[in-house]
Each structure stands twice: as structure tokens, then as C-alpha cells.
Amino acid sequence: MINKYFFASCMLLLLGLSACKKENISPSNQEDAFVKYYGHVNDQIGKDVKETTDKGFIILGSSNAFVNAASYNDFYLVKTDSLGNEEWSKTFGDGSNGYEETGHRVLVLSDESGYLVAGNRTTVVTVGGQSTLDATYIVLYKLDLEGNVVWEKVLLNGSTLSSSEIYKDFVYDIKELPDGGFVLAGETTDVYIGKPEYQDYQALDKTDVLLMRLDLDGNIIWRSVRGFVGEDRAASVEVLNGAYMVTATAEKRDEQNGTPTNPNFTTDILVIRFRASSGSEVSQQSFGGQDMFLVAGGSCYDSLNARITILSHVENRDPTRNEVNEGDLLLLQVDEGVGEIQRRYLGKTNGGFTNTTEDLLAGSIALVPSEVAGNEPSFVISAVYQYDDANFGDELAMAKVGPNLTPEWDGEIRQFGRASVNNGSQALAGNQAGTVMPIRELVPGTTRRELKGYLMTGTMNVATNAMVCLIKTNNEGLLTPVD
């Protein structure tokens, strides 16, 4: 096992040293496993990946590399074949002039006509030679199969693209609806004033959860806002029968450790069920603990068993406290009525993973259907393994957990990208975990799909700059063949 990890780490280091040349270097068994990098000079960010109908992949993120070093981000889209080799890439936006645009989600449209990408557009205001970011709006691009823009839609909430805006909107997740159109979730500064305590603490109420339903052309059908006093933001939305379930990070007033004139806040995981027809709230429930700061990463929906599984982490705001659960992942499972089914903490304070000694930051989670009929599904998650030691940078990480949320793969979390600053090498800090997913292929002559490994995207700092990365592992989460 040690030899396997040593080999994988060395491979990633070699990849990092050659990233600026955009060479495609992978393990020799790249049909089973590979690591690829995309981008150019300056910085790239990898957020989302989907499998395409030709068994390739479409990756969405952001880049400021294609204009000049002082430019702002544009959307960055990369299409690859099944081995991660780039077929084409596109940037769109106006990062050299008027906008900062960051891509968050890409959809492969069910009618196979192309893609829909969603992200945030922020206007850039220049006064006296100094540029600052100002109004932020949600922007959608519909693209054809070659990545060309079919239409562009800015969701303005009754405002215009100008400076000194009234509200800011952000999108972090979007789903295509089976009956047509889309539902998106994010956050807004246009807060819900009907919440309890708003009148007493409105000066502290910064953002709320935003949910919008759109038609096929991206027009708003309805808009709904919910949250607590403080800062709230949606991480994901799941489509149920006649409802949408939103998972969010919600800031709540800590009544035990604050006073009405000097309130303290903690953060919980907030789950809200909305009616699909109107966007009205059906129910909500928050999940947390005393003195905890929870941050939602993502969720997945098991429609057969009517449950939502949520990935989050406990933020470690004070490493000297050594509190139980701080720096751990939290897996939370709820039913369609937002009632808790089970939860499990995994990390350095609660064990779970046999090889974890550092803080973990939640990325995303995906359902892994069982290949045995009647068995419950398992889950694959992405995360960042955040080293406290100054000699090491962050790693991207992947893990698989069973139906009872306990780790598989011999209890280990797989790690990608470690490097030491000793002996003249460079720490790879600031990595970000994006979407993770299982790769399943149809068995010829049957209706059964067979697991062929796992895929994740993210951001990895390699050698001199941040690049979009794509990691494909075998069924055991390894870059090397299983003995």
C-alpha cells in the first residue's frame, strides 16, 4: 500500500513540473486511471464535470489566463475524450474589460442539443484608475455541442447591470427539470424580511438562501428567498416529486454565548423543502451542535429510498481549542420531510478514516448505485486534505462510504498532490475540490451498468500556477492497478 501511494505522489509531482507546457501525462494504465491538467499561465479554477454522450467529459471553471495578467476571470469550458485528452476548450465573458465571471455548474442537456452553464457575473467599476468589483448577477449560457454560445441570459431581479446596485445574487447549483426548465440555488443580499428576529437584528442580516425556477429559455417563473438572521447560502438543490430540497449553510444566533446587544453566531446545516409549483416553503430544519461552525458542501438524492445525503465539514476556526469534530467531515442523511435519519463525523478527531491526521474541507458527494440488486447505494465524496504543517500544501482527496456512512477502501481516504518545500520543492497550497462522480458503463447486451472507476475535478496548484485538474481512478480510488 505504501508503495502505491509513493508511486502516485511521484506521478503527481512530475505532472506539476510539466503543467505549464500542458503535456498530457498519465499512468500507463490510463484507460483505468489518469490525472490531467488544463489551462495556461496565470490561474484557473475547476468546479464541475459531467460525462457526455460520447463517453467523454465536459469541465467547467474559470480562468484569467487568456487575456493578460491583470484581467479578471472568464468562464472556462473544456471538452475531453474518455481518457481526459482535450478536444477543445472555450472561454467566454469579458474579463479584460467590464466583468468578472466565474463558472459554477455545467449541465449536459437531456435533448442532447448541447450544454447549459451557470455562474456569476460581477461588474467592474474603475474610478481614478482603480478597479473594484461591484454588482453581481447570475448569468446563464446555452451552448451547442461545440461550445458555441446559443443564447445568454442575465437574471436581473428587476435591476440593470450597473454600479451601486441594490441587490447581489449568486448561483452555486442548478438542475434540469424532467418537465422542462431548470431550478437553481444560491444566495442573495435581497433578504427575507419576514423571518423571526429580523426587526431586532436587521443590520446583521447579510444574505439569504435563493431558489429560482426557470423556463427552457432561462426566464424566471418564480423566485423564493429564505434564511435566518446572518449570512446564509445554498450549496445544492435536489429535485423531488413536486418539491425541491435545498441544502445550505446558515448562520444562527447563539443564544447561550451572546447577548441581545452583542450577539454571537454559529453556522448550521439548513435543509428547506419548497413546493415546485410556487416556490413556497413547506418545511425546514437546521442541524448543528453547540459551538460548531458547519459548512455545507453538497448533497445527492436517492429517490428509491426517499433520502438525501449531505456532505459538510466542521470549520476549525481556532486550532488551539482542539474541540471534538473540528476539522472533520459530517455526513448527514435526511428523509424527504427533512427529518434526520443518521449522521456520522469522519476525520482526525472522530476517526473513521484510518489515515487522517489533518483538517478536511467538504467538496461534493455522489450516489454510487449498488451492482447487487436490492442492496442500498454507497457514496463517493471529494474533499481537501488541509495540512497544518508549513512544509506541506493541501491535497485533493476522495473517499467512498457505505450505506451506513462508514468508510470503505480499507477505511482510507485517497489523497492526490502532496509535495514538500524541503529540498527545494514547492508546497502545493490552495487546492479546491470540485465535483466527484462514479463512472458506470452499460454492459453490452444487457440493461445493467458496471462501475468503471471514479472521476473528480478541482483546482490544483502545480509548480507555478493554479490549473484545472481531472482525476480518474479505478474502482478502489487508486491511480495504479489493484494487485
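The values are calculated or read from the model by the stated rules, or taken from the named source; none is laboratory data. Since the structure is predicted, the reported quantities are computational estimates derived from the model, not experimental observations. Cβ coordinates were reconstructed from backbone atoms using ideal geometry, including for glycine residues, and neighbour counts include every protein chain displayed.
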*Please give the number of the condition R105 fails out of (1) farther than 23 Å from I174 by Cβ; (2) at pLDDT 95 or above; (3) of a type in the set (K, R).*
(1)
_If the requirement is being in contact with a Lys or Arg (Cβ under 6 Å, 6 or more places away or on another chain) and part of a loop (DSSP other than H, G, I, E, B), which of these qualifies: G218, G194?_
G218
_Identity of the residue in the range 172-204, charged (D, E, K, R) and modelled with pLDDT under 90, that ends up farthest from V49 (Cα to Cα)_ = D200
*With respect to D335, determine if the residue is touching a Leu at 6+ places or on another chain (Cβ under 7 Å), free of Cβ contacts under 8 Å to residues at least 40 places away in the same chain, more than 18 Å from K252 (Cβ to Cβ) and not polar (S, T, N, Q).*
no
*Return a yes/no flag: does the range 430-445 have any residue that is surrounded by 16 or more Cβ atoms within 10 Å (Cβ to Cβ), farther than 25 Å from L60 by Cα and modelled with pLDDT of 80 or more.*
no
*Exactly one of (1) buried (at least 18 other Cβ atoms within 10 Å of the Cβ); (2) modelled with pLDDT under 85 is unmet by V482. Its number?*
(1)
*Got a number for residues in the range 397-415 being of a type in the set (A, V, I, L, M) and assigned to a loop (DSSP other than H, G, I, E, B)?*
2
*From V295, V368, grab the single residue that is surrounded by 15 or more Cβ atoms within 10 Å (Cβ to Cβ), under 22 Å from F274 (Cα atoms) and in contact with a Ser or Thr (Cβ under 9 Å, 6 or more places away or on another chain).*
V295
*asked:* Let me spell it out: the conditions are (1) under 12 Å from I59 (Cα atoms); (2) over 25 Å from the mean Cα position of the chain (by Cα); (3) not hydroxyl-bearing (S, T, Y), and G129 meets all of them except one. Which number is the exception?
replied: (1)
*Please tell me if G129 is small (G, A, S) and surrounded by fewer than 16 Cβ atoms within 10 Å (Cβ to Cβ).*
yes
